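J.: Let me give you the structure first, and then I'll get to my questions.
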Amino acid sequence: MTTVALITGANRGIGHAAAKLLAEHGVTAIIGARDAVRGKEAAGPLGLPYVRIDLTETDSVRAAAARIEREYGRLDILINNAGITVPDGPPSDTTAEDARRVYETNVFGVIAVTNALLPLLRLSPAGRIVNVSSERGSLDRALDRGHPLWPMLNLAYTSSKAARNMITVSYAKELWNTPIKVNTVDPGWVKTDINHNTGIKSPEEGAAPIVTMALLGPDGPTATLVQHEGLLPW
């Protein structure tokens with residue numbers, strides 16, 4: 001039985017690299033993207049399926065879930081990768097409109113997608129949910145004055161990632177006594193469009209720990225925040 005995965009925001013960057021790595025493991029990795037042209041262009045060379053999914057549109061999310069159910073009958077892996085940001089700056093310069101826009105994708109979108117796909121994940125013998133977050137969402141790291149993250153301020157983005165971390169914990173608790181495992185991964189400082197390619201890791205390096213958590217065995221953890229180097233504090 002072929003393993004089926006959906007990766008949101010997979011037309012480029014980390015999401016695209018994760019889909020490619022999963023495909024190399026024999027997984028049917030569905031490229032999820034809101035732009036149909038870019039999504040199909042990303043999926044075509046890999047020989048992978050594409051589904052349009054815009055996290056901010058309820059009808060789009062429901063349609064994607066219905067298509068996956070119709071074509072595959074279940075979902076084994078959900079990778080909530082899609083995310084947006086706004087420029088760094090002091091919290092006092094952050095507008096409510098900017099924060100609301102970031103939260104629509106990074107927080108509310110993740111909840112909408114997870115809820116829509118959860119019935120299909122429950123049909124999997126070993127469902128996996130991987131939420132792609134950031135060390136910048138760790139409260140422990142944010143309050144460490146000796147850590148490189150101390151001077152970085154981005155209220156909308158960092159608080160949305162902290163919320164995504166709690167989303168992971170919440171679903172993991174609900175699904176604690178099921179085969180479904182829910183974890184969060186920090187891919188690290190990766191060269192992507194979101195940071196104007198200023199990162200130090202390649203998308204493939206950033207995707208590696210995501211794929212590891214997506215392919216966890218039955219004895220793997222749930223409710224963790226990890227990066228390539230190991231566990232991170234919440």
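J.: For the condition surrounded by fewer than 19 Cβ atoms within 10 Å (Cβ to Cβ), of a type in the set (Ser, Thr, Tyr) and farther than 30 Å from Leu123 by Cα, what is the one hit in Ser170, Ser159, Ser202?
T.: Ser202
J.: For residues that are free of Cβ contacts under 8 Å to residues at least 60 places away in the same chain and closer than 13 Å to Ala172 by Cβ, scanning just the range 122-141, find the one that is farthest from the chain's Cα centre (by Cα).
T.: Gly127
J.: Working only within the range 217-234, note down all residues that are in a loop (DSSP other than H, G, I, E, B) and either modelled with pLDDT under 95 or buried (at least 17 other Cβ atoms within 10 Å of the Cβ) (or both).
T.: Once the filter is applied, which keeps residues that are in a loop (DSSP other than H, G, I, E, B) and either modelled with pLDDT under 95 or buried (at least 17 other Cβ atoms within 10 Å of the Cβ) (or both), the range 217-234 yields Thr222, Ala223, Thr224, His228, Glu229, Leu232, Pro233, Trp234.
J.: Filter the range 45-80 for residues that are in a strand (DSSP E or B) and within 22 Å of Thr184 (Cβ to Cβ); which is farthest from the chain's Cα centre (by Cα)?
T.: So, considering only residues that are in a strand (DSSP E or B) and within 22 Å of Thr184 (Cβ to Cβ), the one farthest from the chain's Cα centre (by Cα) is Ile77.
J.: Would you tally the residues in the range 8-27 being part of a helix (DSSP H, G or I), within 14 Å of Gly39 (Cβ to Cβ) and either at pLDDT below 95 or of a type in the set (Gly, Ala, Ser) (or both)?
T.: Here the count works out to 3.
J.: Another question about this same structure. Mind listing whichever residues of the range 91-125 are basic (Lys, Arg) and assigned to a helix (DSSP H, G or I)?
T.: Of everything in the range 91-125, those that are basic (Lys, Arg) and assigned to a helix (DSSP H, G or I) turn out to be Arg100, Arg101.
J.: Additional query: In the range 14-26, which residue that is crowded, with 24+ Cβ neighbours inside 10 Å and in contact with a strand residue (DSSP E or B) (Cβ under 7 Å, 6 or more places away or on another chain) is farthest from Gly73 (Cα to Cα)?
T.: Result: Ile14.
J.: If you check Thr94 against the conditions, is it touching a Leu at 6+ places or on another chain (Cβ under 8 Å) and among the polar types (S, T, N, Q)?
T.: yes
J.: Cβ-Cβ below 8 Å, separation at least six or inter-chain, first residue in the range 143-159 and assigned to a loop (DSSP other than H, G, I, E, B), second surrounded by fewer than 17 Cβ atoms within 10 Å (Cβ to Cβ) and of a type in the set (Phe, Trp, Tyr): which pairs?
T.: Final answer for the pair search is Asp144/Trp150.
Yes or no, residue by residue, for (1) surrounded by 16 or more Cβ atoms within 10 Å (Cβ to Cβ); (2) touching a residue at least 40 places away in the same chain (Cβ under 8 Å):
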| site | (1), (2) |
| --- | --- |
| Thr28 | yes, yes |
| Ala36 | no, no |
| Glu41 | no, no |
| Pro45 | no, no |
| Pro49 | yes, no |
| Thr56 | no, yes |
| Arg62 | no, yes |
| Arg70 | no, no |
| Asp76 | yes, yes |
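The values are calculated or read from the model by the stated rules, or taken from the named source; none is laboratory data. In this text, all values refer to a predicted model and were calculated from it rather than measured experimentally. Neighbour counts run over all protein chains shown; Cβ positions are idealised from the backbone, glycine included.
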